[in-house]
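**Student:** One structure coming up, written as structure tokens, with questions to follow.
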Ligand SMILES: CC(=O)SCCNC(=O)CCNC(=O)[C@H](O)C(C)(C)COP(=O)(O)OP(=O)(O)OC[C@H]1O[C@@H](n2cnc3c(N)ncnc32)[C@H](O)[C@@H]1OP(=O)(O)O
Ligand SMILES: CC(=O)C(=O)O
């Protein structure tokens with residue numbers, strides 16, 4: 001069995017120092033609860049001296065009965081020339097009433113002289129006083145050595161003295177911080193190995209991502225002896241962010257075989273990532289390793305072929321282990337394996353089946369024309385039904401007529417009506433909407449609701465238009481994507497035409513047909 005590593009989450013402290021990241025007090029409490037569920041060892045809840053919301057978090061979290069995680073409050077060493085007992089930072093840490101406190105201290109000599117404006121000896125006393133005092137108050141003390149790596153490069157002897165000051169004062173973990181994110185993995189390996197060989201123990205790591213190497217640095221630190229690693233969910237934090245725990249945790253536990261308390265809960269990792277994104281009001285990064293929707297999505301035909309034969313030959317890890325799922329994407333780069341995968345719901349087909357050839361030809365020719373089926377599987381489902389001879393049209397259009405009008409004082413409106421043939425019976429629908437697409441949708445629903453009341457459940461939740469050949473100016477071809485939902489499932493459909501209304505009509509009708517077909521009710525029943 002490999003060594004055990006402590007996971008320290010700073011989503012709620014350093015994470016909040018990131019661009020556009022703001023969590024309300026309620027968000028912070030809910031995120032803390034999810035981090036606890038995942039088996040995170042430490043949750044750094046904030047900087048209690050900073051503002052009331054931060055201090056209030058520590059009051060509220062006390063009644064939450066976390067099952068596993070220790071909550072930590074964060075602050076600086078005491079001020080130069082003062083005493084720990086009377087220092088505001090130290091007082092705020094005690095008032096937070098957390099069993100664990102994090103004290104950040106300076107390691108880089110220039111920071112000591114130019115930023116906190118004191119001498120090197122006094123900085124060591126500030127570290128010693130602050131940590132010793134907090135230890136005497138019965139706290140677990142985590143010592144963050146700010147700018148450790150730059151400090152080491154500038155004056156390794158002084159960096160060693162800072163480390164020793166923390167260790168001798170009784171700090172439980174000495175966290176080497178790459179505060180400006182400028183350190184590279186080979187330097188991390190070298191420095192931790194040197195420190196280990198000199199007998200320094202209880203080392204941790206805190207890396208920022210300014211060189212895009214925060215995760216690699218964290219793994220290198222653990223590999224070279226660190227027993228505690230810090231990061232944030234989704235890697236969001238100051239400037240380019242912190243080391244991403246959604247990458248560190250699965251790498252450590254599932255690929256490097258380290259032990260960590262979060263290990264059994266890795267199947268909840270994708271859920272945690274998306275939960276925090278929701279709270280941050282940030283669209284999750286689709287391409288994020290392990291937890292992004294693209295992480296186990298296969299587009300190239302040859303890759304889909306491997307997935308069909310033996311998924312482990314294509315994927316570095318089974319996505320289910322981190323709560324993610326596999327997708328095979330439709331596109332002009334697909335091969336027959338992709339089609340076979342999509343046709344599974346209709347039976348087992350092979351590469352020699354004619355219908356598979358028909359569909360791959362159809363897919364490629366339509367993608368060439370301007371359709372895109374990757375996000376429009378509803379429309380592709382109808383193509384499969386047509387190829388299999390099990391498609392019945394919902395209705396056929398006789399005509400639609402739309403008229404937009406605007407007066408000098410009122411906003412524009414569109415009135416419309418349409419005539420449809422529903423199994424030999426003429427049906428008519430009419431509507432007024434702000435624009436032509438809303439009116440088309442309204443008139444279609446007006447015509448169909450009496451016979452297909454289930455359609456009332458469908459809501460259009462997204463509508464996107466892309467101009468395909470902008471050089472043709474207003475005569476350009478457009479592609480319309482519609483995403484629809486019945487509250488339980490979402491599906492996408494596509495239409496392409498020189499006329500945006502016609503492209504929208506195609507995507508709209510596909511959406512309704514897909515829904516009725518997939519409720520297992522044939523149109524007209
Ligand atoms: C590497 C990190 O991420 S450290 C965490 C950084 N996080 C934050 O700064 C977020 C919360 N911060 C705040 O709310 C405010 O900055 C406060 C309340 C902490 C301080 O506010 P102010 O007193 O107005 O000071 P200001 O922010 O302008 O400057 C920072 C002060 O901390 C001092 N300081 C910085 N690091 C240390 C340290 N390790 N030990 C002691 N003092 C320190 C600086 O010398 C400066 O003091 P000065 O005003 O006497 O020159
Ligand atoms: C402590 C910390 O957040 C840093 O050094 O980046």
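**Student:** Restricting the search to the range 319-369, which residues are touching a residue at least 40 places away in the same chain (Cβ under 8 Å) and outside any helix (DSSP H, G or I)?
**Tutor:** 323, 324, 329, 330, 331
**Student:** Looking only at the range 69-90, how many residues end up being touching a strand residue (DSSP E or B) at 6+ places or on another chain (Cβ under 9 Å) and either part of a strand (DSSP E or B) or more than 17 Å from residue 136 (Cα to Cα) (or both)?
**Tutor:** 9
**Student:** Something else: Looking at 101, 112, 71, 140, which one is modelled with pLDDT of 95 or more and within 14 Å of ligand 2 (Cβ to nearest atom)?
**Tutor:** Exactly one residue qualifies, and that residue is 101.
**Student:** State yes or no: is residue 215 under 17 Å from residue 14 (Cβ atoms) and more than 29 Å from the chain's Cα centre (by Cα)?
**Tutor:** Working: under 17 Å from residue 14 (Cβ atoms): yes; more than 29 Å from the chain's Cα centre (by Cα): no.
Here the answer is no, as residue 215 does not meet what is asked.
**Student:** For the range 7-56, which positions are in contact with a helix residue (DSSP H, G or I) (Cβ under 8 Å, 6 or more places away or on another chain), assigned to a helix (DSSP H, G or I) and within 13 Å of ligand 1 (Cβ to nearest atom)?
**Tutor:** 15, 53, 55
**Student:** OK, next. Could you run through the range 430-455 and say how many residues are touching a helix residue (DSSP H, G or I) at 6+ places or on another chain (Cβ under 8 Å) and free of Cβ contacts under 8 Å to residues at least 24 places away in the same chain?
**Tutor:** So the count comes out to 6.
**Student:** When you check residue 153 against the structure, is it more than 20 Å from residue 44 (Cα to Cα), more than 16 Å from ligand 2 (Cβ to nearest atom) and in a helix (DSSP H, G or I), yes or no? Write out each step before concluding.
**Tutor:** Working: more than 20 Å from residue 44 (Cα to Cα): yes; more than 16 Å from ligand 2 (Cβ to nearest atom): no; in a helix (DSSP H, G or I): yes.
Here the answer is no, as residue 153 does not meet what is asked.
**Student:** Something else about it: Any residue at all in the range 216-236 that's farther than 30 Å from residue 169 by Cα, surrounded by fewer than 24 Cβ atoms within 10 Å (Cβ to Cβ) and away from ligand 1 (no atom under 16 Å from the Cβ)?
**Tutor:** yes
**Student:** Please state which one of 140, 188 is buried (at least 24 other Cβ atoms within 10 Å of the Cβ) and either in the same structural domain as residue 216 (by TED's automatic domain parsing) or in contact (Cβ under 8 Å) with a residue 12 or more places away in the chain (or both).
**Tutor:** 188
**Student:** Any chance you could count how many residues in the range 128-150 are over 16 Å from residue 208 (Cβ atoms) and outside any helix (DSSP H, G or I)?
**Tutor:** Number of matching residues: 7.
**Student:** Then there is this: Check whether at least one residue in the range 184-194 is touching a helix residue (DSSP H, G or I) at 6+ places or on another chain (Cβ under 6 Å) and within 12 Å of ligand 1 (Cβ to nearest atom), and report yes or no.
**Tutor:** So far as the range 184-194 goes, no, none of its residues is touching a helix residue (DSSP H, G or I) at 6+ places or on another chain (Cβ under 6 Å) and within 12 Å of ligand 1 (Cβ to nearest atom).
**Student:** Take residue 93 and decide whether it is assigned to a helix (DSSP H, G or I), surrounded by 24 or more Cβ atoms within 10 Å (Cβ to Cβ) and touching a residue at least 60 places away in the same chain (Cβ under 8 Å).
**Tutor:** Working: assigned to a helix (DSSP H, G or I): yes; surrounded by 24 or more Cβ atoms within 10 Å (Cβ to Cβ): yes; touching a residue at least 60 places away in the same chain (Cβ under 8 Å): no.
Answer is no for this residue.
**Student:** For the range 334-349, name all the residues that are surrounded by fewer than 16 Cβ atoms within 10 Å (Cβ to Cβ) and in contact with a helix residue (DSSP H, G or I) (Cβ under 7 Å, 6 or more places away or on another chain).
**Tutor:** Scanning the range 334-349 gives a single hit, 346.
**Student:** Additional query: What are the residues in the range 96-125 that are touching a strand residue (DSSP E or B) at 6+ places or on another chain (Cβ under 8 Å), in contact (Cβ under 8 Å) with a residue 40 or more places away in the chain and either more than 30 Å from residue 60 (Cβ to Cβ) or within 11 Å of ligand 1 (Cβ to nearest atom) (or both), if any?
**Tutor:** Residues satisfying the conditions are 102, 103, 104, 105, 106, 107, 108, 111, 123.
**Student:** Could you please tell me which pairs satisfy a Cβ distance under 6 Å, a separation of 6+ or placement on different chains, a first residue in the range 143-159 that is outside the structural domain of residue 76 (by TED's automatic domain parsing), and a second residue that is modelled with pLDDT of 95 or more and within 15 Å of ligand 1 (Cβ to nearest atom)?
**Tutor:** From residues that are outside the structural domain of residue 76 (by TED's automatic domain parsing), there are no pairs.
The values are calculated or read from the model by the stated rules, or taken from the named source; none is laboratory data. Note that the coordinates shown come from a computational prediction; the quantities given were computed from them, not determined experimentally. For neighbour counting, all protein chains shown are included, and Cβ atoms are generated from backbone atoms with ideal geometry for every residue, glycine included.
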